[in-house]
Amino acid sequence: MVTTALSETTDTRGNPYAADCATRRILDRVGDRWTMLVVGILSEGDARFSALRRRIEGVSQKMLTQTLRGLERDGLVRRTVYPEVPVRVEYALTDLGLTLCAPLRALQLWSIEHEDDIAAAQEAYDAVE
């Protein structure tokens, strides 16, 4: 059986290197830094918008809103509005969203494990520039 690198395939389905492939848009969504952080927090349980914003340092209200809407549209996050006064809104991972937890946790652990290596490489690169 002959296999080719994904970047060499001509079929655009399942080929994120092709501009019109849906997997590229999916990878763009799940690889986004705000998405990774939101999913990480929601993996611990439901959260309100204000709690997410407090925990994710540096995220603007606009970016958090856009991220949550995109995740909801993609079926990864469920938004629940409770008819109370004042209205209470909570966000939670869907079953599909929960499947992202293990891969994102692996990336988080990888970044922790290699933080010093990357910092050393950056310093060496910057010293040459």
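The values are calculated or read from the model by the stated rules, or taken from the named source; none is laboratory data. Note that the structure is predicted; figures quoted are calculated from it, not measured. As a convention, Cβ positions derive from the backbone with ideal geometry for all residues, glycine included, and neighbour counts pool all protein chains shown.
Checking the condition of a type in the set (K, R), touching a Ser or Thr at 6+ places or on another chain (Cβ under 6 Å) and surrounded by 13 or more Cβ atoms within 10 Å (Cβ to Cβ), which residue from R78, R55 passes?
Result: R78 is the single residue among R78, R55 that is of a type in the set (K, R), touching a Ser or Thr at 6+ places or on another chain (Cβ under 6 Å) and surrounded by 13 or more Cβ atoms within 10 Å (Cβ to Cβ).
Quick check, is V59 free of Cβ contacts under 8 Å to residues at least 40 places away in the same chain and touching a helix residue (DSSP H, G or I) at 6+ places or on another chain (Cβ under 8 Å)?
Yes; evaluated as a whole, the condition is true for this residue.
Which of the residues spanning the stretch 44-66 are among the small types (G, A, S) and either in a loop (DSSP other than H, G, I, E, B) or under 19 Å from L107 (Cβ atoms) (or both)? Spell out how you get there, then give the answer.
Going residue by residue through the stretch 44-66, those that are among the small types (G, A, S) are 45, 47, 50-51, 58, 60.
Within the stretch 44-66, G45, G58, S60 qualify.
So which residues in the stretch 25-43 are in a helix (DSSP H, G or I) and within 13 Å of T99 (Cα to Cα)?
Of everything in the stretch 25-43, those that are in a helix (DSSP H, G or I) and within 13 Å of T99 (Cα to Cα) turn out to be V30, M36, V39, G40, L42.
When both residues are 6+ apart or on different chains and their Cβ atoms are under 7 Å apart, which pairs have a first residue that lies in the stretch 30-49 and is loosely packed, with under 15 Cβ neighbours inside 10 Å, and a second that is modelled with pLDDT of 95 or more and among the small types (G, A, S)?
D46/A92
Does L96 satisfy being within 12 Å of the chain's Cα centre (by Cα), under 19 Å from D28 (Cα atoms) and in contact (Cβ under 8 Å) with a residue 12 or more places away in the chain?
For L96, the condition - within 12 Å of the chain's Cα centre (by Cα), under 19 Å from D28 (Cα atoms) and in contact (Cβ under 8 Å) with a residue 12 or more places away in the chain - is not met.
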